[in-house]
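Below: one structure, written as structure tokens.
Each reported figure results from applying straightforward, stated rules to the coordinates on display, with no laboratory input. What you are looking at is a predicted structure, and each value in this text was computed from that prediction instead of being measured. Here the Cβ positions follow ideal geometry from the backbone for every residue, glycine too, while neighbour counts run over all protein chains shown.
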Amino acid sequence: MNALVTPLMSQPEGWLPLVFMGLMGLSLLIYVVLDGYDLGVGLLMMGASDAQKDRMVDSIGPFWDANETWLVLGVGILLVAFPKAHGLILQALYLPVAVMLLGLVLRGVAFDFRVKAPLAWKPFWNGVFIAGSALAAGAQGWMLGRYISGFAEGPGYSAFAALIALALPAAYALLGAGWLIMKMEGALQRLAVQRAKLAWPAVVLGLIGVSLMTPWVSETVSQRWFRMPELIALLPIPLMTALALLGLRALLNSHRVLGKLCWLPFALMSLVMVLGFLGLAYSLYPFVVIDRMTVWQAAAASKSLAFILWGVVFTLPAILIYTVFAYRVFWGKASEIRYA
Amino acid sequence: MDPVLLARMQFAVNITFHILFPTINIALAWVLLFFRWRWLATQQPAWLQAYRFWTKVFALSFALGVVSGIVMSFQFGTNWPGFMERAGNIAGPLLGYEVMTAFFLEASFLGVMLFGHGRVGERVHLAATFLVAFGTTLSAFWILSLNSWMQTPQGYEIIAGEFHALSWSAVIFNPSFPYRLAHKLLASGLTVAFLLAGVSAWQLLKRKSQASTAPVLRVGLTLGALLIPLQILVGDLHGLNTLKHQPAKVAAMEGVWQTERGAPMLLFAWPNESTRSNDYALGIPKLASLILTHEAEGEIRGLDEFKGAHPPVAPVFFAFRAMVGTGMLMLAFSWLGLWLYRRRAWVAERLPRSLLWGLSLMSFSGWLATVSGWYVTEIGRQPFVVYGLLRTADVASATPAPLIALTLGGYLALYGGLIAAYVWVIKYMAEKPLDAPPAAERQVFSRSFA
């Protein structure tokens, strides 16, 4: 088992790849929460009235560029810090990556074209926006499924990927509904609560299904999960997830979700995403590609990693500060946005 | 079809599409800052109007640039996995610094710049606009540094087939970098100059001119007339730098097959790879030698000295002529336009319609020149991905050709449609009567910390 030989943690060859693994995970987690809610809002535009669609897009307008940048950072770190894994993963996911990119492209351009092209074209661009959101969210779920199974081939593995391709958009939709509950008032806020109620069972079923299938899909994960005493230490993750989801559901029935507690559904759903992410991270560590490539095998030269780390130390706090700044500027209930 | 060629075509299609939008936005961001500053300084509504209109163009271009940029970050892995495996230690940090220092800066402050007016103070808003402009230029710095390193690598050592950095300052400030950066930034300025002038001319032709049309036309023509001589100078220096470091590329640009003294500058020719000579050549004697070596009898090394290691000649040869030809048209139109405009006392309506038509047709001439120039330098680097050290064919992915062809077809259709939509929407916005001045805008929004 050459794959599991761990270099000394006191050496840069040992700890630098781990630092970058953590940074990559952090970027992708932030991406999934931030772009997750705006992709979710895109999905929720299905069936909304034209005026509601406008307000929904307005609520994410100032943020989506920066939200998507976290994906570029995540993939960028994969590319920069784990060049060998980058090639392996992206070649294995060639087609779903293309589909996701198509979705992100369509969505991104529809953002602008829907308000700049003649009015007659607006329904078309709204449709493109919704379709792009669905394509991107679905493709991301599919890729996650393929990734967890280590790109194994077979109908069972495809079914697993297909399940996540449905579950992840459901989770995004619930997150998006949480965002709208927080940022909207009146009829649209109530609509968002209804949509959240619809998305909730899909998310719960999806999570249960994925959790049941994951140990079956991967022997390595199965051993990780059902090993004493780690099993006890792991229990808080599913327990807290269950509590957060149940709390979220109860909240949707309460009138307080329209008032003081409007931020809570979004916060709870973000917590669910974080917990899911932690579970995944625990299951995979220290692999970048499960059973095939560890972080140390995939890592770039320490000298290069050290050079980038300097940049990270200075820029990441700055990025976080101005991300918070941008959200602060548009804090509170969303109003109509216009160029100025 | 050869999968390597397909992968190259796919990457080229994507990178060609992508570069169109940063080329506009790098300079447009600074022009927007200028408009904003003029508005604050003069309080003339025309400047605010200009700022508003061109901000929309900026936002649209930014969206297209972001989404195609995301595609690119994935295509490094899907198309050139070997490049990152072998040169990732060099390319990775430069790309990483681009994302960390530039991309986030632009994307985060863009929201404040576009929609934040009224929510933040005038100074904060101006600062946000500045940071977006600074971010786009910084982005160009890192990307061009990496690209230049691939053309003129230095500051590295090769251990077991992988590149490792010896000196980061040598890597970043490699020999062709200053020339390429200056050339690209000027290209961006010229692209925007002709876009400003072209759209304004179109508004005049369609009798849809607004208060901002005349001053924007003046800004466009002035910018063009100022930058084009500089660009010719920088282009010449860049060419000399290429001659020193990549003589095979220059030989392809000039269509020089055998090493010769007193080489002519070919105005037209049909490079023939099978006979290794030019058909139908028409040229000015000794001019190529004079330009490149500054001596009429100067020696230019021919392609035959680089057999098996020189680029395909025809695309480089023609792209070079397209770039230079467009540059000459830019020189003629900006100087002529500015001179006529001044003679007519800056009254735009009195400009001859033929000039306005010419400028309108030149609206996207910057794209043509920029893309041609990129083809010269990138195809000119072939068959290497890192010049002289790493061959493109050795880093390509094992993705089957039909799959690449399928996605290539998809990208072509998508990008074709998007470029058409982009140009059409700009035309539509230019002809549309102005939005009623938003009254609500000045009101300060209360911040409820829900």
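What to note about this one:
- Rounded to the nearest 10 degrees, the angle from helix A:94-116 to the longest Cα principal axis of chain A is 30 degrees.
- Tally of Lys pairs whose C-alpha atoms are under 27 Å apart, taken over the range A:11-329, 8 or more apart or cross-chain: 11
- Förster radius 30 Å - calculated FRET efficiency between B:Gln44 and A:Phe325 (Cβ-Cβ, nearest 0.05): 0.45
- Cα centroid separation - the range A:120-167 against the range A:28-50, whole Å: 14
- Label sites at B:Met1 and B:Glu295, each approximated as a point 7 angstrom past Cα along Cα to Cβ, lie 4.5 nm apart.
- For the protein assembly as shown, the normalised intensity computed at q = 0.10, 0.11 Å⁻¹ comes to -1.10, -1.30 (log10 of I(q)/I(0), Debye sum over alpha carbons, equal scatterers, no solvent).
- Mean residue ellipticity (222 nm) of chain B, computed from DSSP H runs ≥ 4 via -39,500 (n - 2.57), nearest 500: -23500 deg cm²/dmol
- Acute angle (nearest 10 degrees) that the helix A:12-44 long axis makes with the longest principal axis of chain A, alpha-carbon atoms: 20
- When the alpha carbon gyration tensor of the range A:168-209 is reduced to an equivalent ellipsoid, the three semi-axes, largest first, read 21, 9, 5 Å.
- The helix-based estimate of mean residue ellipticity at 222 nm for chain A, built from -39,500 (n - 2.57) per DSSP H run of four or more residues and divided by its residue count, is -26500 deg cm²/dmol to the nearest 500.
- The ranking of B:Leu195, B:Leu287, A:Leu39 by Cβ neighbour count inside 10 Å, starting from the fewest, reads B:Leu287, B:Leu195, A:Leu39.
- Cβ-Cβ FRET estimate between A:Asp291 and B:Leu389, R0 fixed at 25 Å, reported to 0.05: 0.15
- Per-residue Cβ neighbour rank within 10 angstrom, fewest leading, A:Thr220, B:Thr407: A:Thr220, B:Thr407
- The phi-based Karplus calculation (6.51 cos²θ - 1.76 cosθ + 1.60; θ = phi - 60°) puts the 3J(HN,Hα) values of the range A:159-164 at 4, 4, 5, 5, 4, 5 Hz, whole numbers, x for Gly and Pro.
- Relative contact order of chain B, pairs being alpha-carbon contacts under 8 Å that are 6 or more residues apart, as %: 20
- Using a simple spin-label model with pseudo-atoms 7 Å out from Cα toward Cβ, B:Val423 and A:Glu230 lie 5.8 nm apart.
- Viscosity 0.692 mPa s, temperature 37 °C, Stokes-Einstein D of the range A:11-329 from Kirkwood C-alpha radius, µm²/s: 160
- Per DSSP, loop trypsin sites (Lys or Arg not before Pro) in the range A:232-320 with at most 11 further Cβ within 10 Å: A:Lys260
- Distance from the Cα centroid of the range B:324-353 to that of the range B:69-87 is 44 Å (rounded to whole angstrom).
- Note on A:Leu205 and A:Glu153: with the Förster distance fixed at 30 Å, the Cβ-Cβ geometry gives a FRET efficiency of about 0.70.
- Helix runs (DSSP H) in chain B reaching 20 Å along axis by Cα, Kyte-Doolittle at least 0.5: B:3-42, B:45-79, B:122-151, B:177-205, B:213-245, B:313-343, B:365-379, B:401-431
- Dipole of chain B, positive end: most advanced residue of B:Phe177, B:Leu359, B:Val120 [Cβ charges, Cα centre]: B:Val120
- Simple spin-label estimate for B:Leu237 and A:Ala162 in nanometres, 7 Å along Cα-Cβ: 6.2
- For the range A:1-99, Kirkwood radius (reciprocal of mean inverse C-alpha pair distance, Å): 16.1
- In plain terms, chain A is cut at each of the GluC sites (Glu not before Pro) found in a DSSP loop with at most 15 other Cβ atoms within 10 Å, and the longest leftover piece is A:1-152.
- Unit charges on C-beta of K, R, D, E only; dipole of the range A:11-329, Debye: 560
- Amide H within-cut-off set for B:Leu390, under 5 Å, with H built and near neighbours excluded: B:Val385
- Order of A:Met184, A:Met228 under a 10 Å beta carbon neighbour criterion, fewest first: A:Met228, A:Met184
- 0 to 90° range, to nearest 10: angle between helix A:50-60 axis and chain A longest Cα axis: 40
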